[in-house]
Amino acid sequence: MVIGGGIAGISASIDLGNRGYEVVLVEKLPSIGGRMLQLSETFPTLDCAQCTLTPKTVETGQHPHIKLLTYSEVEQVEGKAGDFRVKIRRKAAYVDWEKCNGCGLCQQKCPSKNPSEFDRGMGLGKAIYTLSPQAVPNKPVINPNNCRYFLEKKCKVCEKICPVGAVDYEQQDRFVEERVGAIITAVGFDLIPRESFGEYGYGDVLDVIDGLAFERLNSASGPTTGEIRRPSDGKIPKEVVFIQCTGSRDPERYMPYCSRVCCMYTGKHARLYKHKVHDGQAYIFYMDIRSTGKGYEEFIQQGMEEEGILYLRGRVSRIFRDGEKIIVWGVDTLSGKKVEISADMVVLATAIVPQKDTKDLASKLGIKTDEYGFLTEAQRKLRPVETDIEGIYIAGCAQGPKDIADAVAHANAAASKVQGLFAKH
Amino acid sequence: MDYLYFPGCTLYTKAKNFDQTARNCSLLLGFELKELKNWTCCGATFPLATDNIMAFLPPSRILATAREEGTALTTLCAICFNVIKRTNRLIQGDGEKRDKINNFIEKNYQGDLQILHYLEILKKEIGFPHLKGKVKKPLEGLKAAAYYGCMLLRPFEEMGFDDKEKPSIFEEFLEALGAKAVEFPYKIECCGSFQSVGSPDVATECAYKILGSAIKNGAEAMVSTCPMCTFNIDHKQSDIKQKYLDFKPIPVFYFTQLLGIAMGLDYQTLGFEQNAVDPLPLLREKGLL
């Protein structure tokens, strides 16, 4: 069993499926793809995240040895390596997925529009939705918190429009049990909320967004169909400030650790911004540039030297709104001067933190988490994918911040550990 | 209930209006400010050289004397509040310093006084809803910018006065009086402090930014809790006017002066003659005299 359908979970599932093992992939959200599906382009090659990922999600969806249980959560785990019994809650989608043919009519006609979580609150999503047009599986769910029928007991537009009669408002959560030999936990990460940062206005300053929101703005499938337009008034921002280490490497107040990907993705953001807004200026506040990967340093240098991105070594102490503009107060420690930038948009590279429910899942599995809530490996250097419990492995950002390449390598390692375990028994 | 009160030097001289209005208003609100006996200057800055015990002695002596008279001490001036509260915390938490200080001042003070700002009494002891009920002349139509400055809030770990980045106690106070509290981004920025002595231009520039931001956001008046801030943002307005010709001065009140108006005190007792920018025209215009 693989828990978590992001790039790590998908990679491990495909590895094991291709070896002929039967895989159950459990995903909390309605479809697989995880965080990577939210990204626009990926460093250091700037290729489209969805173009790289979609073949993988489709392969997973169609794989003869992979059973997808999306919109599902692990409730209870019993047993030991070679014989785990896992109780899984299949959340009520209010749509009969057996009947649904994925035509999408219900989503077109649904009258309830709400800020989309997938688009970081910027675009509007429907109450009956799939996460993306290429969702795997391409089956919608109804969010009862936004649905007019659930809130006001009227509407039922989706039920009327559905050509196969798949909408079922009476559906309840179901429980299924799966018996598996090993478990890979690849539940991914979250970002520390913008609301945590008082000095940056507690999330109240308009057009101050986080890195994932910028990914959505830049994505062709995002709320602006890939045009860089600021959320408040849809204007194209001409001065954009990026702030690295927002909440990372700050032991006194936030997270003491380095989130590992922000240097690279901020450099990428600034470059992508310049590719779309040629007369715009990108500023990056940084502490150090940590570009330790293949082709990474070259990628950052190219941004500095060829694309005119202005790197300022220093921290930002305050952000506030002054009319149309966002005032950014920082310091350039190389020149020793205070810097004030009158910006149109600010992007915070907020720290990577574990998912809120990672701890809860860890206790169900009987594995450990560290002081921040990341899953703990059996040994820091030599056993990076095993846990203290035989047969339970970890992969990807659930263990700690990683970029895509590292998360995939970690998942591949977890999958081969599972194969090793099965070969032994 | 009575509160032991440390006025501080400035409130006996340049800011008599702050002191008097606070005392008079407290009586109307049902408590008395009982002045501490034999008080001295608080030291005026919290010493950053931690090994220099001498600088901690004036506030320590004040605290020790106050403890002999009661369990809580209140102040008005933001700087005194800062120095006294931080010294109290130091004595409370640092046994070695506590012993040294006590040896010097020949007292045995343990740091167990509660240090309260007047605004905290209004919020926590009186309660803003109750205060609102006591208002005789609501400050309707007055758009006032609550200016906190630094000393009430920083350093946050030591002061713990309100939210460090987005405090609201001062605005809540103004709303309770019926005024419209104007939000402006410079409300927690430094006024320039003692730079007004050594580098007056620096302080003038700070004051201009604060005032300009408040005015831009619709403020007709500023409200302060600090004689130092008041000096820079009120008395310095004539300098600002010389440098920026289009600058239009606005009055700066101590918060207790506005409290006095709202409580129905005669304006002639509110000490407006000590305000640099005359507030009477604005008050007249708003029908608050």
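The numbers here are math on the coordinates, done by the rules we state, and not lab data. Bear in mind the structure is a predicted one, so any value in this text is a computation, not a measurement. So basically every Cβ, Gly included, is an ideal-geometry build from the backbone, and we count neighbours across all protein chains shown.
Values for this structure:
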{"item": "Residue mean of other protein chain beta carbons inside 10 Å, A:316-328", "result": "2"}
{"item": "Degrees between helix A:49-62 axis and first principal axis of chain A (Cα, 0 to 90, nearest 10)", "result": "0 degrees"}
{"item": "Chain A, Rg to Rh (Cα coordinates; Rh as Kirkwood inverse mean 1/r)", "result": "0.98"}
{"item": "Cβ neighbours within 10 Å from other chains - mean over B:183-191", "result": "2"}
{"item": "Partner lysines for A:Lys154 [C-alpha distance under 17 Å; skip if fewer than 8 residues away on the same chain]", "result": "A:Lys109, A:Lys113, A:Lys126"}
{"item": "Cα centroid separation, the stretch A:358-425 to the stretch A:109-126 (Å)", "result": "34 Å"}
{"item": "Cross-link pairs beyond the 19 Å C-alpha cut-off, checked among A:Lys359/A:Lys417; A:Lys28/A:Lys139; A:Lys235/A:Lys325", "result": "A:Lys359/A:Lys417"}
{"item": "Most fluctuating residue given options B:Leu57, B:Leu33, B:Leu76, as computed from a GNM of chain B linking Cα atoms under 10 Å", "result": "B:Leu57"}
{"item": "Sites A:Asp279 and A:Glu195, calculated FRET efficiency, Cβ-Cβ separation with R0 41 Å, nearest 0.05", "result": "0.80"}
{"item": "Test item: A:108-119 mean partner chain Cβ contacts at 10 Å", "result": "0"}
{"item": "Normalised per residue, the volume of the convex hull around the Cα set of the stretch A:109-208 (Å³)", "result": "183 Å³"}
{"item": "Most positive-pole-ward Cα, A:Gln172, A:Ile184, A:Asn143, against dipole of the stretch A:122-197 from beta carbon charges", "result": "A:Asn143"}
{"item": "Point-charge dipole on Cβ atoms (K/R +1, D/E -1) for the stretch B:2-118, about Cα centre, debye to 20", "result": "240 debye"}
{"item": "Lysines with Cα under 17 Å of A:Lys402, excluding same-chain neighbours fewer than 8 positions away", "result": "A:Lys268, A:Lys294, A:Lys381"}
{"item": "Share of alpha-carbon pairs per 10 Å distance bin for chain B, given as whole %", "result": "6, 29, 35, 21, 7, 1"}
{"item": "Charge dipole magnitude, Cβ of K and R +1, D and E -1 - the protein assembly as shown, Cα centre, debye nearest 20", "result": "820 debye"}
{"item": "Pairs of Lys in the stretch B:2-118 closer than 19 Å at Cα, counting only those 8 or more apart or on different chains", "result": "9"}
{"item": "Mean shadow area of the stretch B:2-118, taken as a quarter of the surface of its Cα convex hull (nm²)", "result": "6.7 nm²"}
{"item": "Net charge of Cβ neighbours under 15 Å - reference B:Ile240; Lys, Arg +1; Asp, Glu -1", "result": "+1"}
{"item": "Centroid-to-centroid separation of the stretch A:300-354 and the stretch B:156-226 [C-alpha atoms, Å]", "result": "25 Å"}
{"item": "Chain A - Cys residues lacking any other Cys C-beta under 4.7 Å", "result": "A:Cys100, A:Cys103, A:Cys110, A:Cys147, A:Cys155, A:Cys162, A:Cys245, A:Cys258, A:Cys262, A:Cys263, A:Cys397"}
{"item": "Simple Cβ-charge dipole of the stretch B:146-289, Lys/Arg +1 and Asp/Glu -1, about Cα centre, in debye nearest 20", "result": "340 debye"}
{"item": "Semi-axes of the equivalent ellipsoid for the stretch A:317-425, Cα gyration tensor, largest first, Å", "result": "43, 15, 12"}
{"item": "Gyration tensor verdict on the stretch B:128-285 (Cα atoms; rounded if a/c is under 1.5, prolate if a/b is larger than b/c, oblate otherwise)", "result": "oblate"}
{"item": "Percent of beta bridges antiparallel (DSSP, chain A, rounded to nearest 5)", "result": "60 percent"}
{"item": "By average C-beta atoms within 10 angstrom, highest first, the peptides B:119-127, B:224-232, A:260-268", "result": "B:224-232, A:260-268, B:119-127"}
{"item": "Residue of A:Glu390, A:Glu252, A:Glu159 that the Gaussian network model of chain A assigns the largest fluctuation, springs spanning Cα pairs under 10 Å", "result": "A:Glu252"}
{"item": "Amide H within-cut-off set for B:Tyr254, under 5 Å, with H built and near neighbours excluded", "result": "B:Ser224"}
{"item": "Counted charge near A:Ser416, where neighbours are those whose Cβ lies closer than 14 Å (Asp, Glu -1; Lys, Arg +1)", "result": "+2"}
{"item": "25 °C / 0.890 mPa s Stokes-Einstein diffusion coefficient of the stretch A:273-317, Kirkwood radius on C-alpha pairs, µm²/s", "result": "212 µm²/s"}
{"item": "Whole-Hz ³J(HN,Hα) from phi, Karplus 6.51 cos²θ - 1.76 cosθ + 1.60, for the stretch A:191-205, glycine and proline x", "result": "10, 4, x, 4, 5, 6, 9, x, 5, 9, x, 6, x, 8, 7"}
{"item": "Evaluated at q = 0.06, 0.10, 0.11 Å⁻¹: base-10 log I(q)/I(0), Debye formula over Cα of the protein assembly as shown", "result": "-0.50, -1.05, -1.13"}
{"item": "Reference-scaled alpha-carbon Rg (2.2 N^0.38 Å with N residues) for the stretch A:176-267", "result": "1.41"}
{"item": "Rounded Å value of the spacing that divides the Cα centres of the stretch B:243-269 and the stretch A:169-194", "result": "61 Å"}
